[in-house]
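Quick note: the coordinates plus some simple rules give every number you see, no bench work behind them. Owing to the predicted nature of the structure, the values given are computational and were not obtained by experimental measurement. Every residue, glycine among them, receives a Cβ derived from its backbone with ideal geometry; neighbour counts consider all protein chains shown.
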Amino acid sequence: MGQSLIWYLKEFSRLEWIHKFLFAKTAPLVTPSYSRGFPEPTGKACQHALFCMMACPAPGAIEVVHAGDGWIPRIHKGHCIRCGLCVEACPNGVLKSGRILETMERDGTSLLFSFRISIDPDLCTGCGNCATACPVNKQIDAQLGAGGHFSNDEVIMRVLDGDVRVLHEEKCTGCKTCETSCPTRAIQIARILEGIQQPSQGSGP
Amino acid sequence: MKRTVDVNIPLGPIHPCFKEPVRLKCEAKGERIIGAELELGYMKKGIERIMKGRPWQEVMFLAERVCGICSVIHNMVFIEAMEQISGISVPPRAAYLRVIANELDRMQSHLIANFSYCYTIEHETLGMYLLDLREQVMDELERLTGARVTCAYMIPGGVRCDISREDAEHLLSAVDRMEQDLRRYAGMFSDGPMIALRSRGIGILTQEAAQRAHAVGPTARASGIALDCRLNHPTYRKLGFVPVSRPDCDNFARIMVRFDEVAQSISIIRKCLQDLPTGIIRGGGVCKEGETRYSGEAPRGELTYFIRSDEYGRIADIQIQTPSIMNIEACCHEMIIGVDSVADVTSTFISADPCVACTER
Amino acid sequence: MTILQRIKNKVRARSIHVAYVDVGSCNGCDIEVLACLAPRYDIEQYGIYVHNNPREADVLLVIGAYTPGWEEKLAMVWEKIPDPKVAVAIGNCPISGCLFNRRESFVDAPVKKHIPIAAEVPGCPPRPTEILQAILSVRDSVFANWEEHHP
């Protein structure tokens, strides 16, 4: 009994405890600047490259919509997980969140995308839905018709001899419209992401 | 001999001490517990099914959200498994930064486990002290990675952002303050007579029982089994890591092992900051095809990912073995049997640090 | 408004009992709610007491994406809470399912289909400052004139 009394007296007469008792306040409700918040537009013009939509892991979180004459990405707060991949993936720096843009500039880091098309020959029926639905195909070949008539061979894929052949894989933008239009789920797009660093002047502090 | 059961006591899904819904049905004879049955299934989301066929940039976030308390280690084990499949090597500075993030996460997980235990013993004061210490750790984690929980800090080939000189000095001084506070709180826990009355000699898990139930992590290390997956990790071996363990196998030993591990994490972070090499933080690298099994040391024990990937680095097959699967089994079948009072059932269960979200992803 | 009603409104806004239900989350939002209880972002100073008893609660915090294990049980818990009552969804999971809102998962988002939700705090997980700001902005209006709105 006597020992615990002495312990309590020693505890409550520490200078730190007295200072906290008289002057401590609870922390103000501010979010620090280095915390990753919901991405916000910086004011730069969006070029409709759509890399933010390709990188986003959460379904239905980001979409690029019309804003006057141009485009702007719009974030749905109930879906966005604040990961910051869209901020890093954008080649024009249209979005900002926390300190991501500053660290990208200081370290020279960026994300590199590449897209690969793979068609399962056992499942493919040669219907040509994918080639007709692809928006890049429509841009290349203005005469693209519902029957799959192609006027040139610059398109990404087309039906040749009853099979869909991939001609220019490098032009694919990874939108996966072909995947949603395929009736047998034969075509699959792989979005390959690589995190790289090209330090411009020195590296690290 | 027929076993007579007087009453079945259900500790239901909604309970003041359990943070997650789990149903524990204890069979009691008088006040002595002679059997326990666990009913899970309130948190099954099917994460492994969602992961199939997706590339690493989506699976990484799903893997983090298997458990929000130990999210950094899930991220680290998944990314290191993908790097082992694809043969990607990590630059040394990134490896040390990964260790710093991992140890900060381990500290906050152990502090919240000890807070749960103190709250269950009704020692709210000490619990609130530990939560206050945990807030300092979360501050440092936010400064390093940008988010408090589910940081998404590691990617194949390195980490996402670097630590600046001011932040590194801030971390070094904050860690000193944390060590001072931790020594005070651990002393308060180990010297308190009421805490000793409720923790010493309760919930015994002998070494043979721990091996029989395959217990891992601090639960096993408090029974004298000094196994730790960090011994197999090259960066930790370079830092000279030695696991801590205690020979007495009760609740008290489990909580003290966690306090010791927090002190050990502080010294590891200090060593990392002093030896931090310069260089790049991302080495690049694309995920390829292959199959592997990779283990890491989560705050609760050994975490294993069995991954098979297809030719573009998408996941073809994945299975996650979390430490809480083994620990909850050890708890319900070995520790709770023979506990002398119903009030000790909750404290024994919480001292094994169950993470039900990990158990049923 | 009579003086009695004014006193009732003031008292109800200043003393709120909270129970939380975890319908299948990853525990991230759960520990951010616990961080609100910590001495740093003290939520008890506003008169909000977080225990875990639905029978004595005014506000039910729903955390997590609705899993099949809670099929009718969440509605049963909601009925057990006496009037006046309000449900608040914390995190992205009860609003939209967060990352688990895919075809292959067992999750049945959103929780709004099962019990009536009055306020939402988005984020995965939301910071304790954001949770506190949401609660403080809502507490004056949520129970005001309850008898007139719900006869």
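Quick notes on this one:
- For the range C:66-71, 3J(HN,Hα) computed residue by residue from phi via the Karplus equation (6.51, -1.76, 1.60; θ = phi - 60°) reads 5, 9, x, x, 9, 2 Hz, glycine and proline entered as x.
- Taking the C-alpha atoms only, the angle from helix C:28-37 to the longest principal axis of chain C is near 30 degrees.
- When the range A:118-189 is reduced to its Cα atoms, the Kirkwood hydrodynamic radius in Å: 12.0 Å
- Across peptide B:11-20, the average count of Cβ atoms from other chains found within 10 Å of a residue's Cβ is 4.
- Only one residue of B:251, B:223, B:278 has its Cα farthest out toward the positive end of the dipole of the range B:220-284, where Lys and Arg carry +1 and Asp and Glu -1 on Cβ, and that residue is B:278.
- Straight-line cross-link reach from residue A:96 at under 18 Å between alpha-carbon atoms covers these aspartates and glutamates, not counting any fewer than eight positions away in the same chain: A:40, A:63, A:88, A:105, A:107, B:142, B:162.
- 3J(HN,Hα) from dihedral phi, the range C:46-56, Karplus parametrisation 6.51/-1.76/1.60, rounded to Hz, x for glycine, proline: 8, x, 9, 10, 9, 10, 9, 10, x, 5, 10
- In plain terms, the chain from residue C:5 to residue C:46 could stretch by 12.7 nm, reckoned as 0.36 nm per residue minus the Cα-Cα distance.
- Computed as a quarter of the hull surface, the mean projected area of the alpha carbon convex hull for chain B stands at 17.8 nm².
- Shielding score for A:82-91, defined as the mean number of other chain Cβ atoms within 10 Å: 4
- For the range C:1-110, the list of trypsin sites (Lys or Arg not before Pro) that fall in a loop by DSSP and count at most 14 other C-beta atoms within 10 angstrom reads C:103.
- With a 10 Å cut-off around each Cβ of B:82-88, the average count of Cβ atoms from other chains is 0.
- Highest mean first, the peptides B:90-97, B:114-121, B:277-284 sorted by other C-beta atoms within 10 Å per residue fall in the order B:114-121, B:90-97, B:277-284.
- Taking chain A as a Gaussian network of alpha-carbon nodes connected by springs under 10 Å, the highest mean-square fluctuation of the residues A:27, A:131, A:45 belongs to A:27.
- In terms of the mean number of neighbouring beta-carbon atoms within 10 Å, the peptides B:288-301, B:237-250, A:82-95 order highest first as A:82-95, B:288-301, B:237-250.
- The phi torsions of the range B:166-183, fed into the Karplus equation with coefficients 6.51, -1.76 and 1.60 and a -60° offset, translate into couplings of 5, 5, 5, 5, 4, 5, 5, 6, 5, 5, 5, 5, 5, 5, 5, 4, 5, 4 Hz, rounded to whole numbers, with Gly and Pro shown as x.
- Placed amide H near residue B:317: partners under 5 Å, 5+ positions off or other chain: B:308
- Residue list for the range C:29-67, given a label point 7 angstrom along the Cα-to-Cβ vector of residue B:23 and an amide N cut-off under 16 Å: C:67
- Prolate/oblate/rounded label for the protein assembly as shown (Cα gyration tensor, a/c 1.5): prolate
- Computed FRET value (nearest 0.05) for residue B:14 with residue B:89, which takes r as the C-beta separation and R₀ as 51 Å: 0.60
- Restricting the range C:91-151 to GluC sites (Glu not before Pro) that sit in a DSSP loop and have at most 15 other Cβ atoms within 10 Å of their own Cβ leaves C:104.
- Those Cys residues of chain A for which no other cysteine Cβ falls under 4.7 Å: A:46, A:56, A:80, A:83, A:90, A:124, A:127, A:134, A:172, A:175, A:182
- By the Cβ rule of 4.7 Å, chain B holds the following cysteines without a possible disulfide partner: B:17, B:26, B:70, B:118, B:151, B:161, B:229, B:249, B:272, B:287, B:331, B:332.
- The range A:34-107 - Debye-derived log10 I(q)/I(0), Cα point model, q = 0.15, 0.27 Å⁻¹: -0.44, -1.40
- The angle between the Cα long axis of helix A:2-12 and the main principal axis of chain A comes to about 60°, on a 0 to 90 degree scale.
- Alpha carbon convex hull of the range C:14-139, volume per residue in cubic angstrom: 91 Å³
- In this structure, the residue pairs whose Cα-Cα separation is over 20 Å, taken from A:138/A:171; A:20/C:10; C:85/C:113; B:44/B:288; B:52/B:288, are A:20/C:10; B:44/B:288.
- Calculated SAXS-style log₁₀ I(q)/I(0) at q = 0.15 Å⁻¹ - chain A, Debye, Cα scatterers: -1.03
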